[in-house]
Amino acid sequence: MTVLVDHLSLIYHPGSPMERVALRDVSLRVADGSCAAIVGVTGSGKSTLAQCLNGLLTPSSGRVVVDDLELTPNGLHGRELRELRRRVGLLFQFPEGQLFAPTIGEDVGYGPSRLKLKREEVRERTRWALRAVALPDDPEFLARSPFALSGGQRRRVALAGVLAMRPRIVVLDEPSAGLDAEAREEIYATLRGLREHEGLTLIVISHDMSEVAALAETTLALRDGRVALSGSTDAVFRQTEVIEAAGLLPPPLAQVAALARRRGLLRAEPASLTTQAIAQALRPATGRDHAAASGGEPAATGGDHAG
């Protein structure tokens, strides 16, 4: 299920003293089964774009196309809008704050129950969604309070609530925000598993370039509502100066490659931004290279050696 954002612009409060252009002529294509990232600092427009993807916001111009559904400035209504939101699930930042039911089973099953499905179908969707995020689906776990879980588990329960609606595309706004390193790795493993085993298309909204490097093949960088960079994640990360100008911090290996490039230490561009590829692209080290890297003069050679 391909997502197309075509020359989309969005203006808040048009024609009023509070008018603000949030998005300007943004285009993006996300291939079926892939993971794309939308990155930018606070106020860059990334969360606004996320809400356009499932019809929570309507563009001022341009369009969002999900297969045969097309969201334009005229909007979508009734059955078509419900279908768009069924196909495109949206997980907000800190989604565990939206947990409300007394038990995990009721919380995850709330969305499907609103679809007037049979009770057994709701239970099956609930159990499937919990398994999909690597959580137990036994009666004891279903009866537990979601508020008794760890932060990472609560995040995964919230994601299960979105998955229980059976979307084909999931948009995640800062999926690892506020989590410790172990919980972040659990979330990343869960998202990779959803792509591999369920064939879901993922769109990750983030300002964390290490998170993007861990998850996404393609990246769109926004600055002041405009596209600053777009393309493969590897190609985007090589544009470190543009990323930094957008207020973002490139991932560590991209910074290492950029520093080596500025110091003239690369004999060729790295094939990829991995430790091995960067090491293979470095010129053989000499005394002069070591001195240049440290800002000093090359060490003297020759002379007597202590015996």
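Summary of values
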{"item": "Top of Val108, Val227, Val21 by mean-square fluctuation, Gaussian network on the chain, Cα under 10 Å", "result": "Val21"}
{"item": "Most positive-pole-ward Cα, Gly193, Gly161, Val64, against dipole of the chain from beta carbon charges", "result": "Val64"}
{"item": "For Leu266, residues with placed amide H under 5 Å, excluding near neighbours", "result": "Arg283"}
{"item": "Ranked Ile203, Ile169, criterion: other C-beta atoms within 10 Å, fewest first", "result": "Ile169, Ile203"}
{"item": "Computed [θ] at 222 nm, helices only, for the chain once each DSSP H run of length n ≥ 4 contributes -39500 (n - 2.57)", "result": "-11500 deg cm²/dmol"}
{"item": "Label-point separation in nm, Arg261 to His197, each point 7 Å along Cα→Cβ", "result": "3.9"}
{"item": "Reciprocal of mean inverse Cα separation for the range 152-259 (Kirkwood radius, Å)", "result": "14.9"}
{"item": "For the chain, fraction of C-alpha pairs farther apart than 25 Å, in %", "result": "56"}
{"item": "Loop trypsin sites (Lys or Arg not before Pro), the range 108-179, which have at most 11 other Cβ atoms in a 10 Å radius of their Cβ (DSSP)", "result": "Lys116, Lys118"}
{"item": "Chain lengthening between Trp128 and Glu140 when straightened (0.36 nm per residue, less Cα-Cα)", "result": "2.8 nm"}
{"item": "Mean separation of Cα contacts under 8 Å (6+ apart) over length of the chain, as relative contact order %", "result": "20"}
{"item": "Neighbour-count order for Ser206, Ser47, Ser61, Ser145, fewest beta carbons within 10 angstrom listed first", "result": "Ser145, Ser61, Ser47, Ser206"}
{"item": "Mean separation of Cα contacts under 8 Å, 6 or more apart, over the residue count of the range 1-98: relative contact order %", "result": "28"}
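Bear in mind that the values in this text are calculations on the coordinates, not laboratory data. It should be emphasised that the depicted structure is a prediction, and the values quoted were computed from it without experimental measurement. With ideal geometry, Cβ positions are generated from the backbone for all residues, glycine too; neighbour counts draw on all protein chains shown.
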